[in-house]
Amino acid sequence: MHDIKTVRTDPAGFDAALARRGLPPQSAALLALDEARRAAIALGEGAQARRNALSREIGAAMKRGDTAEAERLKAEVAAALAEAAAADPAAREAALSEALAVLPNTLDPEVPDGADESANVVLHQHGEPAQIPDAKQHFELGEALGLMDFATAARLSGSRFVVLKGALARLERALGQWMLGVHTDRHGYTEVNPPLLVQAPALYGTGQLPKFEEDLFRAGDHYLIPTAEVPLTNLVADQIIPEPEQPLRYTALTPCFRSEAGSAGRDTRGMLRQHQFPKVEMVSITRPEDSAEEHERMTRCAEAILTELGLTWRRIILCAGDTGFGAARTYDLEVWLPGQRAWREISSCSNCRDFQARRMKARFKRGKENLFLHTLNGSGVAVGRALIAVMETHQQPDGSIRVPEVLRPWMGVDVIGSV
């Protein structure tokens, strides 16, 4: 959410910031809504002041027995109040809020220009892409082992679901549990077990509503979470907390649910793009002056996971046209998939600055001031995609899969072979 005072102060700068995202100017329309809102508020305040003043005159007229004058003054009060009510300041306020709510966050100056992912910039790379002769994709490996069943999942639930069995089901569970342990024991995050169903205000606070409702699954008055970012960030919604000396850091391992409304025809084979998938999420709540360094730290936490799994990865800063709605700056981590012979996203770490905090009214107290917090979120990492990367990276010529050393205590085996 943007502060209308910022638009008033520098309308040209506000429009220039939107132009970086490929959007047309909005300041003139916003300022017109703001002027109508302020005029309606002024009418209401004026009518109330007039009512207070005339009340004394009405009392005086009644005291001296001048009933006609008293009735005339009462009619004047009623007319003023009716005019103020017709201006409907609440509706004007709602119209301005709705117009602001669909506009994306302002980008950090360091975000590179560009219209789409082709303008994203690789910042560094860990390892070299493995060139495995006759490398298979994860679904070929999983189906050959009899441990990955898409046909049964489709019969149960439709497309974009999978049934994992045996050692692959255990491997996915091990990945999530191990990641959660790393983030809590070594990276200083507090584990949270949040609700998987949230109400609309929570999704509004993190920016999924109103703009991205088609990407959500709804269940009555609730929505299934598309990411644990939603409940974790909303832990501070509608609160004024003491100034945090250190960032508040939360992590959760949850199922996530996405309709993939805009992904028709993309990644229809395999597990890359599912309606239901597990993910370890990281969320940080910080003071404004700490959020840039916290963004770097959060991304390093996700990178450590990929390194310990023996994966090849790279960090990318997203360009203006590819940065998400609520983010001011985003790093994507991409992992090399030998079976696909391609880089694929496995984590996205974003600094949202005060954009979400304004929407959810999340503040901290500094002296006598109440200031907006900064919020950050990142995948630490997507468990299903980590499973894919482990399978394709550590596949053996006979179709078996070598278990990364860090997961062997969880698995009890070094290699996953055929059933």
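Please enumerate, by chain and number, the lysines with C-alpha under 20 Å from the C-alpha of Lys74, excluding those fewer than 8 residues away in the same chain.
Leaving aside lysines fewer than 8 places away in the same chain, those within reach of Lys74 are Lys63.
³J(HN,Hα) across the range 201-218 via Karplus (A = 6.51, B = -1.76, C = 1.60, θ = phi - 60°), whole Hz, x for Gly/Pro?
Using θ = phi - 60°, the values come out as x, 5, 6, 5, x, 8, x, 6, 10, x, 5, 10, 4, 5, 8, 9, 9, 10 Hz.
Can you grab the distance from the C-alpha centre of the range 204-228 to the C-alpha centre of the range 102-129, Å, no decimals?
Each part reduced to its Cα centre gives a spacing of 25 Å.
What are the trypsin sites (Lys or Arg not before Pro) within the range 350-419 that DSSP puts in a loop, where the Cβ has at most 14 other Cβ atoms within 10 Å?
Lys368
Report, in deg cm²/dmol and to the nearest 500, the calculated mean residue ellipticity at 222 nm for the chain, where each DSSP H run with n ≥ 4 adds -39500 (n - 2.57) and the sum is divided by the residue count.
-13000 deg cm²/dmol
Sort the following peptides by mean Cβ neighbour count (other Cβ atoms within 10 Å, averaged over residues), highest first: 284-296, 67-79.
Top of the packing list down: 284-296, 67-79.
Distance between the C-alpha centers of the range 331-375 and the range 136-183? Whole Å please.
Rounded to whole Å, the Cα centres lie 28 Å apart.
Under a crude label model (7 Å from the Cα following the beta-carbon direction), how far is Glu213 from Glu45 in nanometres?
3.4
So how far apart, in nm, are the two label points at Gln239 and Glu76 if each is 7 Å from Cα heading toward Cβ?
Between Gln239 and Glu76, the label points sit 5.3 nm apart.
Give the peptides 201-210, 322-331 in descending order of average Cβ contacts within 10 Å, highest first.
322-331, 201-210
If you count the DSSP beta bridges with both ends in the chain, what percent of them are antiparallel, to the nearest 5?
The antiparallel fraction comes to roughly 90 percent.
Can you list the DSSP H helices in the chain whose Cα atoms extend at least 24 Å along the helix axis and whose mean Kyte-Doolittle hydropathy is 0.0 or higher?
27-63, 67-87, 166-185
For the range 284-336, what does the alpha-carbon gyration tensor say about shape, rounded, prolate or oblate, given a ≥ b ≥ c as the root eigenvalues, a/c under 1.5 as rounded, and a/b over b/c as prolate?
Since a/c reaches 1.5 but b/c is at least a/b, the shape of the range 284-336 is classed as oblate.
Roughly speaking, what is the centre-to-centre gap between the range 18-49 and the range 378-405 when only Cα atoms are used, to the nearest Å?
Distance between centres, Cα-based: 53 Å.
Could you tell me the calculated FRET efficiency between His126 and Arg155, based on Cβ-Cβ distance and R0 = 45 angstrom, to the nearest 0.05?
With a Förster radius of 45 Å, E is 0.65.
Test of understanding: extend the Cα→C-beta vector of Ala115 to 7 Å, then name every residue of the range 1-33 with backbone N under 11 Å from that spot.
Under cut-off, by backbone N: 22.
Read-outs throughout are calculated quantities, based only on the coordinates presented, and are distinct from any laboratory measurement. This one's a predicted model, so the numbers in the text were calculated from it and none came from an experiment. Positions of Cβ are generated from backbone atoms using ideal geometry, with glycine treated the same way; all protein chains shown enter the neighbour counts.
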